[in-house]
1. So what's the gap between the Cα centers of the stretch A:23-40 and the stretch B:25-73, to the nearest angstrom?
2. What is the distance in Å between the Cα centroid of the stretch A:120-140 and that of the stretch A:86-118?
3. Which value in deg cm²/dmol, rounded to the nearest 500, describes the helix-derived mean residue ellipticity at 222 nm for chain A, given -39,500 (n - 2.57) per DSSP H run of n ≥ 4 and division by the residue count?
4. For helix B:82-98, what angle does its Cα long axis make with the longest principal axis of chain B, in degrees from 0 to 90 and rounded to 10?
5. To the nearest 10 degrees, how steeply does helix B:114-143 sit against the main Cα axis of chain B, on a 0 to 90 scale?
6. What is chain B's relative contact order, in percent, from Cα pairs under 8 angstrom and six or more apart in sequence?
7. Equivalent ellipsoid semi-axes for the stretch B:47-106, as square roots of 5 times the alpha carbon gyration tensor eigenvalues: give them largest first, rounded to whole Å.
8. Given axes a ≥ b ≥ c from the Cα gyration tensor, I'd like to know whether chain B is rounded (a/c under 1.5), prolate (a/b larger than b/c) or oblate.
């Protein structure tokens, strides 16, 4: 547990929860990132303004952090492009079929005590743990 | 001016992911790697987020409508069904392969990392495939004799 960072995790987590609550109290929307982003891909949808604004705020956060000297390092990803593309496709298709991701089900859904979201979170955590166990320990990735 | 509200919420959400370290796939994979050097950070992030969102949503539930909109858009489905379980299972596999879920993936676009751009494009493609599949399924249903009969 050498990498455990509970204090920053608690502060960051509280900010994520605060954002989800504020978005609901102010605009009546669920802060589910896959749903907000997915809604932008449907050309006929009319409620695009708030979706673009939310995602813009999201992408602005690390840019502003960079201005005050806390720039975000590029994320460390696998070298294999096939894995990156497959993972992206699975995340995109899976979150739409399952109706949400870590934020929509994990934070907002469980936050509303929704049985559906609790089930979804248990399922995606389980398959993710199995995937990591296979890639890191069986295949030695 | 209302557009400031979602922008501000997005900023706070992004700041939360940054501060908690969840934008870094290594941190996320450290949590998912329960058979390796397990890093429980993600569990603390979720617990802290829920400590705020559970009472916050209860408060929202008691108010007749949001401050800046006509109505709440609470999700309407409540039952656990096959699409939910299948979708969540596929999402988990993709998440475990790379350590990126939609939030951190979109936020990481700010770094202009080629890997993240490819991941986000593939994610959008996966969503588009789902939308197309849904659309074709609806068309087939509408065209089938059984559905036609029920439509009168």
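1. Taking the Cα centre of each part, the stretch A:23-40 and the stretch B:25-73 sit 14 Å apart.
2. Here the two parts' Cα centres lie 16 Å apart.
3. Computed mean residue ellipticity for chain A: -19500 deg cm²/dmol.
4. 30 degrees
5. 20 degrees
6. It comes to 22 percent, rounded to a whole number.
7. In descending order the semi-axes read 29, 17, 12 Å.
8. Details: a/c = 1.79, a/b = 1.29, b/c = 1.39.
It is oblate, given that a/c is not under 1.5 and a/b is not larger than b/c.
Read-outs throughout are calculated quantities, based only on the coordinates presented, and are distinct from any laboratory measurement. Here the structure is a predicted model, which is why all the values come from computation and not from measurement. Glycine gets a Cβ as well: all are built from the backbone with ideal geometry, and neighbour counts include every protein chain shown.
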